[in-house]
Each structure stands twice: as C-alpha cells, then as structure tokens.
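Here the structure is laid out as structure tokens; the discussion comes afterwards.
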Amino acid sequence: MKIGLFGGTFDPVHLGHLSLARAAAEKFDLGRVYFVPADLPPHKTKRKLTDFQHRFAMLALATAEDKRFVPSLLDAHTGTPNYSVETVRRMKSALGKSDKLYFLIGMDAFKDISTWRKPVELLGECEFIVAARPGHSLGDAARALPASLRPAETELRALSKQRSGTIVLPGATIHLLDELRERVSSTQVRAIAGRSAKQLSRYVPKLVAEYMKKERLYDERASTLESAAANGRRMLSLHQGHRQ
C-alpha cells in the first residue's frame, strides 16, 4: 500500500491541511494518510503550543469522515524534540515490506528542508510530495535541496518552467503537487478564534470549530489580536480625521 505521512503542529488543523492530504491521496493513490502531530516540534519552540491532547482531538474530529485519513500518536510524548528523520524511521519500522511511504509537506516548509536535522538522510528515507501554491515550480523545490543533492544551475533553470511533475535524483525523489488553492493558515485561524463556530467553519471543519468554542481554545490570543487590530483602525481613523 502507498502511505502518506503528514506531520506538523496542527494548531489547529484546518481545511488547507485536509485539501493537501486529499489531493495527494487522489493523485498518488495513497491508501492511508497518517496525520502525525508533533508533541515537541524543534522549529516552533518560541511559541507556546496548544496542549497535545487538544490538537490530537481536533485532528481526530477533522479526519473522521475520510477512511483514508488516520490521526497518529507516533510523535506523542516522546520527551525529546520530534525530528522528522526519526519520525519517518519509526513509521517505516511499522510498515510492511510491500508498503511505500511518502512524506507530505507544503512548499513553504520544504524551502527550509536543508536546515532540518539530517536532511540528506531524511530525503533518502522516502519520496516527498510537495504541495505548491500558484506560481511555484519544480525549480523552487529543487533549489531548496541541500547542496549535495541540488541539481546544476542549468537544470534548475529548466525545472523552473515546470509547474508539476517529478524530480528523480540520486538520494531524493520529489513530486510536485501543483496549485492547491485553499488559502488558510493555522495562524489565521488562531487570530479569528473569537468568532462564532459558523464563521470559523469557513476555515476549519465544523466539528473542529465547535470543539474550539467548547474548549475555549485560542480565545485569549484571538481577543488580543482583535483588540490590537481595532486599536489600529481607531488610530488610523483619528489620524485621517485630524488631516481633514
């Protein structure tokens, strides 16, 4: 079976995550997509994350309607930072010999791949499916690779004209999942968390929106951001009135 591993903080999971997973599953015939929330993500240590149990609960609600999607506890409470290379190896150790693993990731995150822990080893462990927004190309993915894997400049220029397809290199195989148009981010959802569940359902699944309201997740952060935005609008209005 072809299997996708989709890691992240999922704080919270939103419709963009599900759109990426659905598109990858359909294009690459993935029988399962494991959503693996990180307990201690090494790249997001400056911001306090929502408790793991809440993030996992929201993932369980978000993935319930698609039998291909499975919320995973693979990175739960390991006690150490959740490095992707180790997550992938733990996942592979549990798979059958006929299973094939794909790593799902957005282009914005993939552009930093060379700064991750043991990136060359990670890229050699499984094939990558990189979700691109409009305007991205295979060249963007290739330029993000560690120097030892990166193609020559002439090949990079040729790849920059390709909006879909696959790069097969010694040590790395990258598939470009082209032009996903679900434009939403977890940061955006946290900022508007004070709105009604109906309004939030434009950005997250309905059950996730209801869970967020029930557990009062992100309310403090949302009210702070909304207040700052309101103050900014008020100051602009006063400034404009003074000029008039």
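Return the total of residues in region 192-244 being modelled with pLDDT of 55 or more and either assigned by TED's automatic domain parsing to the domain that holds HIS14 or assigned to a loop (DSSP other than H, G, I, E, B) (or both). So the answer is 14. The residues on offer are ASP75, ASP29, and the sole one that is closer than 17 Å to LEU177 by Cβ, of a type outside the set (A, V, I, L, M) and in contact with a strand residue (DSSP E or B) (Cβ under 6 Å, 6 or more places away or on another chain) is ASP29.
Taken over region 27-58, the residue count meeting the criterion of being aliphatic (A, V, I, L, M) and at pLDDT below 95 is 2. Candidates TYR102, TYR34: the one that is touching a Cys at 6+ places or on another chain (Cβ under 7 Å), closer than 21 Å to GLY124 by Cα and either surrounded by fewer than 20 Cβ atoms within 10 Å (Cβ to Cβ) or in the same structural domain as SER137 (by TED's automatic domain parsing) (or both) is TYR102. Among the residues of region 201-208, is there at least one that is among the hydrophobic types (A, V, I, L, M, F, W, C) and either without any contact (Cβ under 8 Å) to a residue 60 or more places away in the chain or surrounded by fewer than 16 Cβ atoms within 10 Å (Cβ to Cβ) (or both)? No, region 201-208 contains no residue that is among the hydrophobic types (A, V, I, L, M, F, W, C) and either without any contact (Cβ under 8 Å) to a residue 60 or more places away in the chain or surrounded by fewer than 16 Cβ atoms within 10 Å (Cβ to Cβ) (or both). Of the residues making up region 1-24, those that are surrounded by 20 or more Cβ atoms within 10 Å (Cβ to Cβ) and either of a type in the set (Asp, Glu) or more than 15 Å from the chain's Cα centre (by Cα) (or both) are ILE3, ASP11. Exactly one residue out of VAL13, VAL88 is in contact with a strand residue (DSSP E or B) (Cβ under 7 Å, 6 or more places away or on another chain) and outside the structural domain of ARG202 (by TED's automatic domain parsing), and it is VAL88. Residue-level check: of (1) surrounded by fewer than 17 Cβ atoms within 10 Å (Cβ to Cβ); (2) at pLDDT 95 or above; (3) of a type outside the set (Lys, Arg); (4) under 23 Å from the mean Cα position of the chain (by Cα), GLU179 misses just (2).
Has region 11-30 got any residue that is in a strand (DSSP E or B) and under 22 Å from GLY124 (Cα atoms)? Taking every residue of region 11-30 in turn, none turns out to be in a strand (DSSP E or B) and under 22 Å from GLY124 (Cα atoms).
For LEU61, state whether it is at pLDDT below 95, of a type in the set (A, V, I, L, M, F, W, C) and in the same structural domain as GLY165 (by TED's automatic domain parsing). The answer is no for LEU61. Restricting attention to region 182-191 and to residues that are in contact with a helix residue (DSSP H, G or I) (Cβ under 6 Å, 6 or more places away or on another chain) and of a type in the set (D, E, K, R), the residue that is modelled with the highest pLDDT turns out to be ARG190. Taken over region 38-90, the residue count meeting the criterion of being outside any loop (DSSP other than H, G, I, E, B) and either surrounded by 20 or more Cβ atoms within 10 Å (Cβ to Cβ) or out of contact with any His (no Cβ under 9 Å at 6 or more places or on another chain) (or both) is 21.
Reported count of residues in region 180-200, each being hydroxyl-bearing (Ser, Thr, Tyr), in contact (Cβ under 8 Å) with a residue 60 or more places away in the chain and farther than 14 Å from ALA62 by Cβ, is 1.
The values are calculated or read from the model by the stated rules, or taken from the named source; none is laboratory data. None of these values were measured; they are calculated from a predicted model. Ideal geometry is used to build each Cβ from the backbone, glycine not excepted, and the neighbour counts take in all protein chains shown.
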